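Notes to accompany the following structure.
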Amino acid sequence: MTVDREQVLRTAAALLSRKATATMDEVARAAGIGRATLHRHFAGRDALVRALEALGIQEFEAALDAARLDEDRAEDALRRLIAGVEPVAGLLSFLVTENQLFEGDQVNQGWARLDARVSALFRRGQESGEFRIDLTPAWLTEALYGLVGACAWAVQDGRVAGKDFHYMIVELLLGGARRSVEK
């Protein structure tokens, strides 16, 4: 039987997004394969998480590309980005939490590249006068990630309706990020 590695990763992502503490045995069961088969593809949890990280980077980069961050107003691009990241919000939330367990000197260049793209969007919004200038683009980027993760968990736990994901993040983030016009 040929194992579809990407399907195993997507199954693991779905499981770990719902249950971050799932064991390798639980991942294997969810994927419909034996533990030995899972270990042939991923030597352990760290290897699985690293593979999921690569998938997360790929998915997030696709959402950034689809959002066309350099087009239209920065606020509109941000709205497109939030809508595009919604399908993988649980995986991204898991990876942010999981990556805090790894050593800080293992900075992944993929994440740095993605952070730079999101920060550039916020910087563009500041330069155009749409976003506040007293909050750094790096902080606005972290705030976006935090809201996406928190909303993904709240939806998963049933505390928030899935249909409200986009609205809640956009309104809270932009409510704090928008530059107000002084009268």
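The values are calculated or read from the model by the stated rules, or taken from the named source; none is laboratory data. A quick note: this is a predicted structure, and the numbers were derived from the prediction, not measured. When we count neighbours, we look across all protein chains shown, and the Cβ atoms used for this are built from the backbone with ideal geometry, even at glycine. Keep in mind that these areas ignore ligands, DNA and RNA; they rest on the heavy atoms of the full protein, side chains included. Shrake-Rupley method; radii C 1.70, N 1.55, O 1.52, S 1.80 Å.
The condition (being in a helix (DSSP H, G or I) and at pLDDT 90 or above) is satisfied by just one residue among Val96, Val85: Val85.
Number of residues in the range 48-69 that are part of a helix (DSSP H, G or I), open to solvent by less than 40 Å² (accessible area, probe 1.4 Å) and either among the polar types (S, T, N, Q) or more than 15 Å from Phe94 (Cα to Cα) (or both) equals 3. Being touching a Gly at 6+ places or on another chain (Cβ under 8 Å), modelled with pLDDT of 90 or more and closer than 16 Å to Gln126 by Cα is a property that Ala177 lacks.
Checking each residue in the range 146-165 for being surrounded by 16 or more Cβ atoms within 10 Å (Cβ to Cβ) and modelled with pLDDT of 85 or more picks out Leu147, Val148, Gly149, Ala150, Cys151, Ala152, Ala154, Val155, Val160, Phe165. Beta carbons closer than 7 Å, at least 6 apart along the sequence or on distinct chains, pair a first residue in the range 121-142 that is within 16 Å of Ala67 (Cβ to Cβ) with a second that is assigned to a helix (DSSP H, G or I) and of a type in the set (Val, Ile, Thr) for Phe122/Thr141; Thr141/Val118. Filtered by the rule that a residue be part of a helix (DSSP H, G or I), surrounded by 14 or more Cβ atoms within 10 Å (Cβ to Cβ) and of a type in the set (A, V, I, L, M, F, W, C), the range 11-46 gives Ala12, Ala13, Ala14, Leu15, Leu16, Met24, Val27, Ala28, Ala30, Ala31, Leu38. Is it the case that some residue within the range 124-141 is closer than 28 Å to Asp46 by Cα and either over 11 Å from the mean Cα position of the chain (by Cα) or assigned to a loop (DSSP other than H, G, I, E, B) (or both)? Scanning the range 124-141, I find at least one residue that is closer than 28 Å to Asp46 by Cα and either over 11 Å from the mean Cα position of the chain (by Cα) or assigned to a loop (DSSP other than H, G, I, E, B) (or both), so the answer is yes. Could you please let me know if Arg124 is at pLDDT 95 or above and of a type in the set (Lys, Arg)? It is true that Arg124 is at pLDDT 95 or above and of a type in the set (Lys, Arg).
Does the range 49-63 contain any residue that is farther than 22 Å from Val148 by Cα and more than 14 Å from the chain's Cα centre (by Cα)? No - not one qualifying residue is present in the range 49-63.
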